[in-house]
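Report on one structure; see the data block that follows.
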Amino acid sequence: MKLNVVCVYCGSSPGNDPVFTEVAADLGRLLAHGGTDIVYGGSSWGMMGAVADAALEAGGRVIGILPRGLASKEKAHPGLSEMHLVDSMHERKALMEKMSDGFVALPGGLGTLEELCEVTTWAQLGIHQKPIGLCNVAGYFDGFLSFLDHAVAKGFLSADHRRLILTENQPQALVDAMERFEPFVDKIWLDESEI
């Protein structure tokens, strides 16, 4: 599957290990060189800025989506190909999903996790059938992935739905996995007999 536009979720902080922003920049360059546009949160700071700057420097197209109320807090990136200012976080996330062919999560905080979990829930419910990738840079998401496996073991997440999150440690391997992704049709997470 050709990924024409990829949504990138990541932190507005750089974290405390330079490898985080290095991998963010690698992803930005990789997508730009492959002719894939990037949709992201629109900030010039941290991981977000590293992805955008690297893609733009490589000749890529980067689209920011930022709630008006956060334009100064998240320091809107001044050099993007497009910037969409929206009224709410809900509108931001809905537009990001609508514009994208797939999703990548890089290290970040609660906002990044919330976006990743929401877009995965939408896939679980059949709202979209787009690939979702998690770039587990330096083991950053090990605890989260263990939690997902725990949720499967305890019966709160099906093994099929656990497979919705494609996980790799490097951008190239992750993009390759996303391009190979084949949507699968599965039942809604509750059996009708359980309703």
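No lab work stands behind these numbers, since they all come straight from the coordinates. Predicted model only: the values in this text are computed from it and were never measured. Note that each Cβ is placed from the backbone with ideal geometry, even for glycine, and that neighbours are counted across all protein chains shown.
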Legend entry - MRE, 222 nm, helices only [DSSP H, n ≥ 4, -39500 (n - 2.57), over the chain, to nearest 500]: -12500 deg cm²/dmol
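Let me know the charge dipole size of the chain about its Cα centre in debye, to the nearest 20, where only the beta-carbon of Lys, Arg (+1) and Asp, Glu (-1) is charged. Can you show the working numbers first?
Working: 15 positive and 26 negative charges, 69 e Å.
Magnitude of the dipole: close to 340 debye.
Given the range 5-180, what count of lysine pairs have C-alpha atoms under 24 Å apart, with each pair 8 or more places apart or on different chains? Show your work: numbers first, answer last.
On the way: Lys73/Lys93; Lys75/Lys93; Lys75/Lys98; Lys93/Lys130; Lys98/Lys130.
So the count works out to 5.
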Legend entry - Charge sum, other residues only, whose C-beta stays under 10 Å from Gly108's C-beta, Lys/Arg counted +1 and Asp/Glu -1: -2
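How much net charge surrounds Gly133 when only the other residues with a Cβ under 12 Å from the Cβ of Gly133 are counted, with Lys and Arg +1 and Asp and Glu -1? Write down the numbers at each step before the final one.
Details: positive: Lys130, Arg180; negative: Asp101, Glu168, Asp176, Glu179.
Local charge sum for Gly133: -2.
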Inset, instruction - Mind telling me which of Gly108, Gly79, Gly11 comes out most flexible in a GNM of the chain, alpha-carbon contacts under 10 Å? - result: Gly79
Inset, instruction - Assign one of three labels to the range 119-160, namely rounded, prolate or oblate, based on the Cα gyration tensor with a ≥ b ≥ c the square roots of its eigenvalues; rounded applies when a/c is under 1.5, prolate when it is not and a/b is larger than b/c, and oblate otherwise. - result: oblate
Inset, instruction - Quote the convex hull volume per residue of the range 5-180, based on C-alpha atoms, as a whole number of Å³. - result: 103 Å³
